[in-house]
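The values are calculated or read from the model by the stated rules, or taken from the named source; none is laboratory data. Worth saying up front: this structure is predicted, and the values here are computed from it rather than measured. Cβ placement follows ideal geometry from the backbone for every residue including glycine, while neighbour counts extend to all protein chains displayed.
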Amino acid sequence: MTIATADHPVSRRPIDGWRWAGRIFLTLLLIFTVMPMIWMLITSLKTGFAAMQYPPQWWPTEPTLGNYTRLLDPTNSVGQEFLRYFWNSLWVSTLTTILAIVVAVPAAYAFSRFRFPGRTVLFFAVLLRNMFPAVIFLVPLFILMRWLGLVNTHGSLVLTYLTFGLPLAIWLLKGFYDNIPIQLEQAARIDGATRLQAFLFIVMPLSTPGIIATAIYSFIGAWNEYIYAYTFLTRHDQMTLPVGIQRFFSENATDWPGLMAATFMMSVPVVVLFLVLQKYFVRALTEGAVKH
Amino acid sequence: MAEIVLQHVMKNYGSLYAVNDVSLTVNDGEFVALVGPSGCGKTTTLNLIAGLLPMSGGDIVIGDRLVNDLDPKDRDIAMVFQNYALYPNKSVYKNLAFPLQMRKLPAEQIDRKVKEAARLLDITHLLERKPRELSGGQQQRVALGRALVRDPAVFLMDEPLSNLDAKLRVQMRSEIKRFHHNLNATIVYVTHDQLEAVTMADKMAVMNGGLLLQYDTPANVFANPVNTFVASFVGSPAMSLIPLDAVTHGTEASLRSPEGWDLPLSPLNARKIASSSTSKIILGARHSTLKLHKSEVPGSVPGKVYTVEPTGDITFAQIFINGAVVNISVEPSVLLTPDEQVFIEFDQDRMHLFDAETTMALQAA
Ligand SMILES: Nc1ncnc2c1ncn2[C@@H]1O[C@H](COP(=O)(O)OP(=O)(O)OP(=O)(O)O)[C@@H](O)[C@H]1O
Ligand SMILES: [Mg+2]
């Protein structure tokens, strides 16, 4: 501590310059990322006519929630479709997330705790998948899905998203289990727990932040995915949101406010998820970094 | 309470034998210290007794049950870990209650036992805290408490005091000793601090490189170390070891130094030399058995003062004899200066002779 205080006056000045440069840079970056979202929100409150005006209205003269009520109203065709896409997306993403966690938790635990033949090879094989861009697997996976008879089913998407999401999930969670001292489980086993009980009562609660972070990753990955959903599904009633939203482009010219309202609604679950579980997420990222 | 029997216990990781053919018996109610340098297999041995690792060979009996294939939970043991291993997300109360809950005791009985253990260890005021809100000494007590809430047959402790500062360590040392006395518990206690072992244990098992070198009372290990490793490991300052050549003529024998002096040996020591096959000998002597003289007396050998360390009530000095450093202790009134020529007298009854090739202690035939 004493050394740090002694150093302070010397190192303060140059750091300040950098700090301001950093702040300006971050502000620009923030504007760059937030502006489109704000514009999306503003546009979604306009009427179709107001959205097309030039010069643009910075704030709609007659703001309306009509676009939202139309999307959420199951009695008209637009609302019906939107809600169906929304539901499809929710179903596919949730299923992917649950399966990813159910598989990744024991897999990551095994990679972290047990020494078995082929452990290293297997672990790298798991990661190998993530070294290639997703598009490369589009055609092979499509052929595979056709062969499995899964084209035009949500199963094809869940399966595909798992092939992307699982390696990352296993890898993330393994880091967590590596950081939980093995002595805790040993203590639990001596205290009368079976291996499974030691895992459930001691290890699981400690790895909850990691599991939640991993779940959020999986969910967002599946929720936003476009190319595979676009390729594997052709039937309207099965489409997920990222693909389904496209339909706003084609119908009687582009309905910008409707599109923006739909996009906004699409980001709601992710934002809500993040806000609710944020504290676990941050804890997860920082805890993984510090060894205890 | 129960006895523990290890028979030819082995544990290897590939070609590395972490525990190599260890056999020993811990009697009911005995306090046994497992000592040895870092990496010698102490923790591994303890984990094998606990059943946390599968054995590569051998048998372990606890009480009158062969426990080779029993889960840790079925061995009726309690363990205190090197780093305490308290459950970080549970309060102290829940840490103590966990072993009882796992054994499905009724709630009011759990409550009673937890409070009793807490009172015994003086941690009642900490019950609602989380482990990270405790000091090292408090964590240590909680770890001890978690072990003793359920009266197991055997206590296993892995360097429970190694994370504490010197003062607290001395205090906890006597508390554990009293705890052993009160409960008459069977305890296997791992430490790499030989002083802890000597002061606390009924018996000590000295290990090195996975092998059990000697298993005896601290007094016997101190008095009759089986080889040079045990000799220099037990006792502080360490026993001095001087490599010399043995010369025999008839039934008499002496140790000869290339520096040109001869140390005649007593008849018993001469018989030890006679029974050995080699003439390369290591002479061992503890500081307290050596006498320092300023001028030559019969049976003394010349040396040169290297360093002098006064500690107040006793002065330690290191003397160069035949190229080896020899520790001695003298009265503080004796004044020594570095490079001074002195003469060291050996106590023939309390000196140790080792075979320089096998490092084993020589026995009289
Ligand atoms: N899982 C393992 N894989 C390979 N080697 C191991 C493993 N666990 C322990 N060892 C080796 O076994 C030997 C004994 O280890 P052990 O932990 O029993 O030492 P220790 O006597 O407890 O040491 P310390 O005083 O440092 O705690 C060491 O050489 C160690 O490197
Ligand atoms: Mg150890």
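One table, with the values for the structure above:
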read-out	value
Residues satisfying the stated conditions in segment B:288-298, i.e. surrounded by fewer than 21 Cβ atoms within 10 Å (Cβ to Cβ) and either without any contact (Cβ under 8 Å) to a residue 12 or more places away in the chain or not hydroxyl-bearing (S, T, Y) (or both)	B:K291, B:L292, B:H293, B:K294, B:E296, B:V297, B:P298
Failed item, numbered, when B:S162 is tested on (1) surrounded by fewer than 17 Cβ atoms within 10 Å (Cβ to Cβ); (2) free of Cβ contacts under 8 Å to residues at least 40 places away in the same chain; (3) within 28 Å of B:S236 (Cβ to Cβ)	(2)
Unmet criterion (only one of (1) of a type outside the set (G, A, S); (2) more than 16 Å from ligand 1 (Cβ to nearest atom); (3) touching a residue at least 12 places away in the same chain (Cβ under 8 Å)) for B:K94	(3)
Pair list, Cβ under 8 Å, 6 or more apart: segment B:38-66 residue in contact (Cβ under 8 Å) with a residue 40 or more places away in the chain and within 19 Å of B:S15 (Cβ to Cβ), other residue of a type in the set (D, E) and more than 10 Å from ligand 2 (Cβ to nearest atom)	B:G58/B:D21
Matching residues, segment B:212-262, being closer than 30 Å to B:F31 by Cβ and of a type in the set (V, I, T)	B:T217, B:V221, B:V226, B:T228, B:V230, B:V234
Selected residue (criterion: surrounded by the fewest Cβ atoms within 10 Å (Cβ to Cβ)) from residues of segment B:145-159 that are assigned to a loop (DSSP other than H, G, I, E, B) and more than 16 Å from ligand 1 (Cβ to nearest atom)	B:D151
Helices (runs of 4 or more DSSP H) contained in segment A:149-234 and holding at least 1 residues among the acidic types (D, E) and within 14 Å of chain B (Cβ to nearest Cβ)	A:182-190
Hey, B:T124 within 16 Å of ligand 2 (Cβ to nearest atom) and either under 25 Å from B:N184 (Cα atoms) or outside the structural domain of B:V221 (by TED's automatic domain parsing) (or both) or not	no
From the options B:V308, B:V301, residue that is within 21 Å of B:S236 (Cα to Cα) and either crowded, with 16+ Cβ neighbours inside 10 Å or at pLDDT 90 or above (or both)	B:V308
Strands (runs of 3 or more DSSP E) wholly inside segment B:18-94 that include at least 2 residues being more than 12 Å from chain A (Cβ to nearest Cβ)	B:31-35, B:57-62
Evaluation of B:K177 against (1) crowded, with 18+ Cβ neighbours inside 10 Å; (2) closer than 23 Å to B:Q214 by Cα (one fails), failing number	(1)
Among (1) touching a strand residue (DSSP E or B) at 6+ places or on another chain (Cβ under 9 Å); (2) within 16 Å of ligand 2 (Cβ to nearest atom), the one test that B:Y84 misses	(1)
Hey, B:S15 at pLDDT below 95 and away from ligand 2 (no atom under 13 Å from the Cβ) or not	yes
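Let's see how each residue does on (1) more than 11 Å from B:M207 (Cβ to Cβ); (2) hydrophobic (A, V, I, L, M, F, W, C); (3) within 16 Å of ligand 1 (Cβ to nearest atom):
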{"position": "B:V9", "(1), (2), (3)": "yes, yes, yes"}
{"position": "B:Y13", "(1), (2), (3)": "yes, no, yes"}
{"position": "B:V19", "(1), (2), (3)": "no, yes, yes"}
{"position": "B:S23", "(1), (2), (3)": "yes, no, no"}
{"position": "B:M55", "(1), (2), (3)": "yes, yes, yes"}
{"position": "B:D64", "(1), (2), (3)": "yes, no, no"}
